[in-house]
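Trainee: Before I ask anything, let me first share the structure, which is written out below as structure tokens.
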Amino acid sequence: MIYDISVPALLIFIVFVGFVLGLSFYFARKTRSASSYYAAGGQIHWAINGIAFAGDYLSAASFLGICGMIATVGFDGFLYSIGFLAGWIVALFLIAEPLKRLGKYTFTDALNATFKSRAITLTAAVSTLIVSIFYLIPQMVGAGDLVTPLLGLPHWAGVVLVGLVVIVIVASAGMTSTTYVQFIKGSLLIILSTVLTVYILKHGFTLHPDNENRTYHQFLTLSPEVTGGKVTNVENWKVVSQQEVKGKNFVKLEKDGVPRWFSLSEKDSVYTLKEALSIAEGNGVILYNGEPKSNQKFFPVGHLDKIVIDGQEMESSGPVGPARFLSVLGKSELVRFSEAKFTDEGKKVTVYYQNVTAGSDFMLPGLKYKIGKGASAWSRLDFISLMLALFLGTAALPHILIRYYTVKSQRDARKSTILAIAAIGTFYILTMFMGLGAAVNGVLDVESSNMAAPLLAKAFGVFLFSVISAVAFATILGTVAGLIIASSGAIAHDLIDNYLGWKQDDKKKVRAGKISAFVVGIFAICLGIAFKGMNVSFLVGWAFSIAASANLPAILFLLFWKKTTSQGIATSIVTGIVVSLAIILTSPTMWDRYGLDPANALHKLDNPAIISFPLAVLMVWIVSLMTQKTKPAAAIN
Amino acid sequence: MHHGPAAELGVDNASAKKSRLGVWFFFVYLFFYAGFVVIGVLNYELLSHEVWGGLNLAIVYGIGLIVFAVLLGVIYNYLCSQYEDSLNREEQKP
């Protein structure tokens, strides 16, 4: 989309980031030993830790991705909210208590202490690294999306900026700073989401979502003359060409030398042309809706086609309560914008066309994950797979488990977790309102769904937008910092120290951690640029799938089955990583990323957990049974 | 990863009981969570039925799962603290 640089937003943004960095440096002075670098020396209060937990978890994916997905596909986005929160139940009820009882901080440490196996040290460290990197991708993609409207910078510049700032934070301070940063960020995120939701409800629904600074574009509807399915004449317009893409017809019309694309639809033998948005790319020139970017003709979208209140069609609703908001939307009709790609006169054209959707469909699962009538077995499987990964993935995320151990006692750790569940639960319910609010208030950027919530805030005023953008940016900073610490820990402590056995003094350990942080940070920047344009919640779903498959069977068997052997664990971790990665890399979504036709992908599954998790469980069980002899033998010796 | 010393927990007699409670609560939640997924896959139309205040089952069930998670968490914390108080105090008496 086309954005103007917002000076107040920029100022607040700079002040906020400066504050976060200042805090980091302040706590850096207090950080001396390796133990305080990684786990804050066990000195964090449980309430601070709980909100910091929420700050960790409510990453760019939650704030930007879920709101964006709800805004574009409705209830299917909310599935992520449900699943992400349910995942905490596994973490709290199954993992937290027993793992803490072992007196260990990460599942790698717990595994190592129990088995003292080099194979486990290696596989667990690799798994931590891969999961962290997959979780880093969406954060970086979100960062790039965020700075585009904020600073007027291109996507890649945002990714590089976040990467560099976080590397500075991690290399200078470590965990102590990030816990407090996460605390501030977690609190602000929940407060601001509440404010935004109040605005949405107060604003209610309207057919003309004009915002403070501009009127909403009135999309044209034309009546063409059609012969044999081909548009032959349109009053006041010159018919240029017509294209059929997957059963949908697109017509290029021209007026005053400016070409525009329209989608053709037919109802009861009456044809209608509806204005679409387009990007045409060729000969080194990109035209937005037929004109250069600077003409600002590439409009924000998302509006209601019909507002139905108590059976009556209305122009607007006035303020509504939360339940009424959801029920009115369920009975109204809204216009989503779907994407189609084709070639026209040697140019690559992407058309975003109007797709009128019944509110009743929007408020049900099925627009992204088809599970209703006529859904294929693959898409049903994909839905189950997603829900499984979200449920089981949380407990297996390396950066979540680390924060669990930064409080003094078991009781405090539990209280932290419950406070976190309450905070996160509240936030996830709010995502529903923010996402739906963005869907109908004419603020969406068709090129990226991730900016739905901040752009909605912009509609309600620049101040709210600037504060929310700053918090979202800090959200990303904090999460990326936590992940880079987890990854550098896996490299510096688990791989270099434990696996390779290079004994170093405290100072060198910290230095190794910082160098690793730098390398992982640079790698994350590259991936963030490569995955531009994808919904970040969807990307997080992948991180959860890998974590659930690689780590969770190992943790559960270690904690709950006495016959588990080191070979079983190592095989399970390898199976989980390899199978989930293989399925992801050959998925339709990745096929699209490679520039191939997704329909020709090796399979139709976008979420791997339904296959990779049971396989990993099977492997730890079978291999453990097969290697039972080694355990008693070792005990006898 | 390198850390400071493990938290000093002492002997925790409630540990086994807390773990068992955790497993029970996990299965209770799993039942309701899986229920949502199963309805979605096997009887999708049921999700569109209005159940409360003009809201369909999908919305009510979805938000319900979030609220239920928080509730279970609070109950779990309460029971665990009770176990710790009673079992660990008994240990100290003799």
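The values are calculated or read from the model by the stated rules, or taken from the named source; none is laboratory data. Being a predicted model, the structure only gives us computed values, none of them experimental. Methodologically, a virtual Cβ is constructed for each residue, glycine included, from the backbone with ideal geometry; neighbour enumeration extends over all protein chains shown. Calculation scope for accessible area: heavy atoms of the full protein, side chains included, ligands and nucleic acids excluded. Shrake-Rupley method; radii C 1.70, N 1.55, O 1.52, S 1.80 Å.
Trainee: Collect the residues in segment A:502-522 that are open to solvent by 90 Å² or more (accessible area, probe 1.4 Å) and not in a helix (DSSP H, G or I), keeping them in residue-number order.
Mentor: Listed by number, the residues that qualify are A:W502, A:K503.
Trainee: Turning to a different aspect of this structure: Count, please, the residues in segment A:289-308 that happen to be closer than 17 Å to A:G442 by Cα and part of a strand (DSSP E or B).
Mentor: 6
Trainee: Also, quick follow-up: Only one residue in A:S549, A:S537 is buried (at least 24 other Cβ atoms within 10 Å of the Cβ) and either farther than 29 Å from A:V160 by Cβ or touching a strand residue (DSSP E or B) at 6+ places or on another chain (Cβ under 8 Å) (or both). Which one?
Mentor: Numbers: A:S537 fails: either farther than 29 Å from A:V160 by Cβ or touching a strand residue (DSSP E or B) at 6+ places or on another chain (Cβ under 8 Å) (or both).
That would be A:S549, the only listed residue that is buried (at least 24 other Cβ atoms within 10 Å of the Cβ) and either farther than 29 Å from A:V160 by Cβ or touching a strand residue (DSSP E or B) at 6+ places or on another chain (Cβ under 8 Å) (or both).
Trainee: Continuing with this model, one more query. Which residue, of B:V51, B:V60, B:V38, B:V67, is closer than 27 Å to A:I424 by Cα, under 15 Å from the mean Cα position of the chain (by Cα) and not polar (S, T, N, Q)? Break it down stepwise before answering.
Mentor: Working: B:V51 fails: under 15 Å from the mean Cα position of the chain (by Cα); B:V60 fails: under 15 Å from the mean Cα position of the chain (by Cα); B:V38 fails: under 15 Å from the mean Cα position of the chain (by Cα).
Result: B:V67 is the single residue among B:V51, B:V60, B:V38, B:V67 that is closer than 27 Å to A:I424 by Cα, under 15 Å from the mean Cα position of the chain (by Cα) and not polar (S, T, N, Q).
Trainee: Here is a follow-up. What's the number of the only condition in (1) among the aromatic types (F, W, Y); (2) open to solvent by less than 20 Å² (accessible area, probe 1.4 Å); (3) not in a strand (DSSP E or B) that A:F262 fails to meet?
Mentor: Going through (1) among the aromatic types (F, W, Y); (2) open to solvent by less than 20 Å² (accessible area, probe 1.4 Å); (3) not in a strand (DSSP E or B) one by one, A:F262 breaks only (3).
Trainee: Take the residues in segment B:61-74 that are without any contact (Cβ under 8 Å) to a residue 24 or more places away in the chain and either open to solvent by 50 Å² or more (accessible area, probe 1.4 Å) or closer than 14 Å to A:L92 by Cα (or both); name whichever of them is farthest from the other protein chains (Cβ to nearest Cβ).
Mentor: It comes out as B:L71.
Condition check ((1) aromatic (F, W, Y); (2) more than 30 Å from B:Y78 (Cα to Cα); (3) within 14 Å of chain B (Cβ to nearest Cβ)) across all residues:
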{"residue": "A:T431", "(1), (2), (3)": "no, no, yes"}
{"residue": "A:S448", "(1), (2), (3)": "no, yes, no"}
{"residue": "A:A481", "(1), (2), (3)": "no, yes, no"}
{"residue": "A:S487", "(1), (2), (3)": "no, yes, yes"}
{"residue": "A:A492", "(1), (2), (3)": "no, yes, yes"}
{"residue": "A:Y499", "(1), (2), (3)": "yes, yes, yes"}
{"residue": "A:R511", "(1), (2), (3)": "no, yes, yes"}
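Trainee: Hey, another quick one. Which is within 30 Å of A:A472 (Cα to Cα) and at pLDDT 85 or above, of A:K185, A:K248, A:K202?
Mentor: Numbers: A:K185 fails: at pLDDT 85 or above; A:K248 fails: within 30 Å of A:A472 (Cα to Cα).
Unique residue meeting the criteria: A:K202.
Here is a yes/no grid of residues against (1) within 30 Å of the chain's Cα centre (by Cα); (2) at pLDDT 90 or above:
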| site | (1), (2) |
| --- | --- |
| A:D494 | yes, no |
| A:K503 | no, no |
| A:S537 | yes, no |
| A:A548 | yes, yes |
| A:I555 | yes, no |
| A:W561 | no, no |
| A:V574 | yes, yes |
| A:L581 | yes, yes |
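Trainee: Pairs, please: C-beta under 7 Å, at least 6 apart or cross-chain, first residue hydroxyl-bearing (S, T, Y) and in segment A:535-556, second open to solvent by 10 Å² or more (accessible area, probe 1.4 Å)?
Mentor: That search, which allows pairs on different chains as well, returns A:S549/A:V579; A:S549/A:F613.
Trainee: For A:S385, only one of the following conditions fails: (1) open to solvent by 10 Å² or more (accessible area, probe 1.4 Å); (2) among the hydroxyl-bearing types (S, T, Y); (3) more than 8 Å from chain B (Cβ to nearest Cβ). What is its number?
Mentor: (1)
Trainee: Condition (residue is outside any helix (DSSP H, G or I) and buried (at least 18 other Cβ atoms within 10 Å of the Cβ)) applied to segment A:322-331: is it met by at least one residue?
Mentor: The first filter runs over segment A:322-331 and keeps only residues outside any helix (DSSP H, G or I), leaving none.
For segment A:322-331, residues outside any helix (DSSP H, G or I) and buried (at least 18 other Cβ atoms within 10 Å of the Cβ): absent.
Residue-by-condition table, conditions (1) part of a helix (DSSP H, G or I); (2) among the polar types (S, T, N, Q); (3) at pLDDT 80 or above:
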| position | (1), (2), (3) |
| --- | --- |
| A:A452 | yes, no, yes |
| A:A457 | yes, no, yes |
| A:T475 | yes, yes, no |
| A:A486 | yes, no, no |
| A:C526 | yes, no, yes |
| A:V540 | yes, no, yes |
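Trainee: Determine whether A:A420 is under 24 Å from the mean Cα position of the chain (by Cα) and modelled with pLDDT of 85 or more. Spell out how you get there, then give the answer.
Mentor: Values: under 24 Å from the mean Cα position of the chain (by Cα): yes; modelled with pLDDT of 85 or more: yes.
For A:A420, the condition - under 24 Å from the mean Cα position of the chain (by Cα) and modelled with pLDDT of 85 or more - is met.
Trainee: So, one more: Pull up segment A:362-382, narrow it to residues that are farther than 21 Å from A:V540 by Cα and facing chain B (nearest Cβ under 9 Å), then point me to the one that is farthest from the chain's Cα centre (by Cα). Before you say what the answer is, go through the steps one by one.
Mentor: Residues of segment A:362-382 that are farther than 21 Å from A:V540 by Cα, as a first pass: A:362-364, A:371-377.
Then drop every residue that is not facing chain B (nearest Cβ under 9 Å), which leaves A:363-364, A:371-373, A:375.
On the way: A:M363: 20, A:L364: 20, A:I371: 22, A:G372: 25, A:K373: 28, A:A375: 25 Å.
Only one residue tops the list, namely A:K373.
Trainee: Restricting attention to segment A:272-287, which residues are of a type outside the set (A, V, I, L, M), assigned to a strand (DSSP E or B) and either farther than 30 Å from A:D361 by Cβ or open to solvent by 70 Å² or more (accessible area, probe 1.4 Å) (or both)?
Mentor: Here is the first cut: in segment A:272-287, the ones of a type outside the set (A, V, I, L, M) are A:272, A:274-275, A:278, A:281-284.
With assigned to a strand (DSSP E or B) added as a condition, the list becomes A:272, A:274-275, A:278, A:281-282.
Hits for segment A:272-287 are A:E281, A:G282.
Trainee: Select from segment A:580-619 the residues that are touching a Ser or Thr at 6+ places or on another chain (Cβ under 6 Å), touching a residue at least 40 places away in the same chain (Cβ under 8 Å) and not in a loop (DSSP other than H, G, I, E, B) and write down the one among them that is surrounded by the fewest Cβ atoms within 10 Å (Cβ to Cβ).
Mentor: Filtering first and then ranking leaves A:L615.
Trainee: What residue, of A:S448, A:S487, is open to solvent by less than 10 Å² (accessible area, probe 1.4 Å) and either farther than 30 Å from A:H208 by Cβ or out of contact with any Ser or Thr (no Cβ under 6 Å at 6 or more places or on another chain) (or both)?
Mentor: Working: A:S448 fails: open to solvent by less than 10 Å² (accessible area, probe 1.4 Å).
Being open to solvent by less than 10 Å² (accessible area, probe 1.4 Å) and either farther than 30 Å from A:H208 by Cβ or out of contact with any Ser or Thr (no Cβ under 6 Å at 6 or more places or on another chain) (or both) holds for just one of A:S448, A:S487, which is A:S487.
Trainee: Does segment A:307-324 include one or more residues that are in contact with a Lys or Arg (Cβ under 6 Å, 6 or more places away or on another chain) and either under 30 Å from A:G152 (Cβ atoms) or β-branched (V, I, T) (or both)?
Mentor: Taking every residue of segment A:307-324 in turn, at least one turns out to be in contact with a Lys or Arg (Cβ under 6 Å, 6 or more places away or on another chain) and either under 30 Å from A:G152 (Cβ atoms) or β-branched (V, I, T) (or both).
Trainee: Follow-up question, since we're still on this one. Residue by residue through segment A:350-364, note down the ones that are touching a strand residue (DSSP E or B) at 6+ places or on another chain (Cβ under 8 Å) and outside any strand (DSSP E or B).
Mentor: Within segment A:350-364, the first condition is being touching a strand residue (DSSP E or B) at 6+ places or on another chain (Cβ under 8 Å), and the residues that meet it are A:350-360, A:362-364.
Across segment A:350-364, the qualifying residues are A:G359, A:S360, A:F362, A:M363, A:L364.
Trainee: Can I ask one more? I need every pair where a residue in segment B:16-41 that is facing another protein chain (nearest Cβ under 7 Å) has its Cβ under 7 Å from the Cβ of a residue that is open to solvent by 20 Å² or more (accessible area, probe 1.4 Å), sequence separation at least 6 or different chains.
Mentor: B:K18/B:Y83; B:V37/A:I384; B:V41/A:R380; B:V41/A:I384
Trainee: Right, here's the next one. Can you find even one residue in segment A:334-356 that is within 14 Å of chain B (Cβ to nearest Cβ) and surrounded by 15 or more Cβ atoms within 10 Å (Cβ to Cβ)?
Mentor: No, the conditions are met nowhere in segment A:334-356.
Trainee: Regarding A:A375, is this residue free of Cβ contacts under 8 Å to residues at least 40 places away in the same chain, among the aliphatic types (A, V, I, L, M), part of a helix (DSSP H, G or I) and open to solvent by less than 70 Å² (accessible area, probe 1.4 Å)?
Mentor: Numbers: free of Cβ contacts under 8 Å to residues at least 40 places away in the same chain: yes; among the aliphatic types (A, V, I, L, M): yes; part of a helix (DSSP H, G or I): no; open to solvent by less than 70 Å² (accessible area, probe 1.4 Å): yes.
It is false that A:A375 is free of Cβ contacts under 8 Å to residues at least 40 places away in the same chain, among the aliphatic types (A, V, I, L, M), part of a helix (DSSP H, G or I) and open to solvent by less than 70 Å² (accessible area, probe 1.4 Å).
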